[in-house]
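Peer 1: Here it is: the structure, laid out below.
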Amino acid sequence: MDNNQPIIVKRVKKTVGGHHGGAWKIAFADFATAMMAFFLVLWLMSAATPEQKKVISGYFKDPIGFTESASPYVIDLGGTPTPAPDKTLNPELDSSEAQKDIEISEDQVETMAEQIEHERLELLLQELQNKVEQNPELQRFKDQILFEITQDGLRIQIMDAENRPMFALGSAQLQPYFEDILLAMAETIKAVPNKISISGHTDAKPFAGRGDFGNWELSSNRANAARRALIAGGYPDEQVARVVGYASSALFDRENPLNPVNRRIDIIVLTKRAQREIEGEQDSGQEGQEATPPADAGAGVESPAPTSPDGPMQPRELRQKLNIFEEGVLKFESVEGQ
């Protein structure tokens with residue numbers, strides 16, 4: 001039997017809707033850019049000083065005068081633009097207000113330099129403390145190492161312990177552990193341009209030995225031995241400003257003159273002011289001041305003048321750079337007194 005039923009095909013007509021192109025996106029982007037520029041102008045108007053507003057207004061009133069006389073930019077990071085006096089058409093602009101010379105006195109420069117130097121020494125102190133904490137060899141002797149900031153600079157005191165002396169008995173021969181401490185610190189200390197002062201100290205026990213050799217000579221020789229160890233560790237010899245021996249004239253523990261902590265080596269990273277005093281240069285109207293013992297040891301007591309195994313240091317040219325750290329450095333050139 002033949003199947004003669006018709007085949008019915010339904011065609012559904014789809015209507016296109018909901019998409020009208022991307023022109024609205026461009027319009028919205030233009031609107032957003034305009035709003036951003038509008039709020040930026042409002043912020044600049046609220047933050048600008050009256051003098052800056054005058055300068056900006058003068059630029060739009062007379063751009064030719066500004067372009068030829070100073071800067072081609074409305075806001076120049078290198079300085080405030082000023083109009084040419086013979087070409088400006090803006091009578092309201094006072095060029096004396098637009099650009100003023102700021103005078104800084106010599107004392108202000110010196111104060112700023114000392115503040116920067118103090119911050120640098122604080123960073124150096126933190127760096128040395130981190131080195132002691134992170135180095136297993138140095139961490140064993142951290143109780144014998146003392147760091148502090150004084151008026152003369154950053155002082156590093158390395159002291160004897162009860163059963164752990166820095167030198168062989170009655171001599172300037174370094175013990176291996178003390179030599180390791182100096183070698184480890186030399187790399188960090190030389191990162192700053194400041195010169196250093198090295199001083200040796202003994203306890204009050206009289207030296208038993210030759211009649212012409214005592215604690216003064218022993219302390220000087222030990223300070224010089226510490227200097228040689230620092231030089232072996234890479235520290236520049238020309239950066240050593242002074243090597244002295246104080247014997248027992250500046251005791252760390254006055255109540256117990258025989259305390260092992262009185263036998264110590266002091267390394268002071270000098271400030272520029274302390275360096276000038278050592279080198280005999282004029283500072284604050286005083287010349288040739290004698291070196292004084294540390295402030296926390298022997299304060300208020302007149303001590304004999306320290307001896308130096310290498311003789312007096314000759315005056316050297318002071319470095320101008322005040323900051324040396326590789327990251328985040330702030331360079332400042334100090335102005336020396338005329």
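Readers should treat all values here as calculations from the given coordinates under stated rules, not as data from a laboratory. Not measured: the values here are computed from a predicted model. As a convention, Cβ positions derive from the backbone with ideal geometry for all residues, glycine included, and neighbour counts pool all protein chains shown.
Peer 1: Show me the ranking of peptides 260-269, 182-191 by mean Cβ neighbours inside 10 Å, starting with the highest.
Peer 2: Working: 260-269: 22.9, 182-191: 17.5.
The most tightly packed comes first, giving 260-269, 182-191.
Peer 1: If you take every residue apart from Q173 with its C-beta less than 12 Å away from the C-beta of Q173, what net charge results, scoring Lys and Arg +1 and Asp and Glu -1? Walk me through the numbers before you get to the answer.
Peer 2: Working: positive: R222, R228; negative: E179.
After counting each charged neighbour, the total is +1.
Peer 1: What's the ranking of 203-216, 236-249 by average number of surrounding C-beta atoms within 10 Å, highest first? Before the final figure, lay out each step's value.
Peer 2: Working: 203-216: 12.8, 236-249: 19.5.
Taking the mean over residues of other Cβ atoms within 10 Å, the ranking is 236-249, 203-216.
Peer 1: Sequence gap at least 6, Cα distance under 8 Å: using those rules, report the relative contact order of segment 106-278 to the nearest whole percent.
Peer 2: Numbers: 286 pairs, mean separation 48.8, N = 173.
Averaging sequence separation for qualifying contacts and normalising by length gives 28 percent for segment 106-278.
Peer 1: Distance check, please: which entries in K142/K205; K131/K205; K142/K195; K131/K195; K25/K61 exceed 29 angstrom between their Cα atoms?
Peer 2: Working: K142/K205 26 Å; K131/K205 34 Å; K142/K195 24 Å; K131/K195 21 Å; K25/K61 36 Å.
Long pairs (Cα-Cα over 29 Å): K131/K205; K25/K61.
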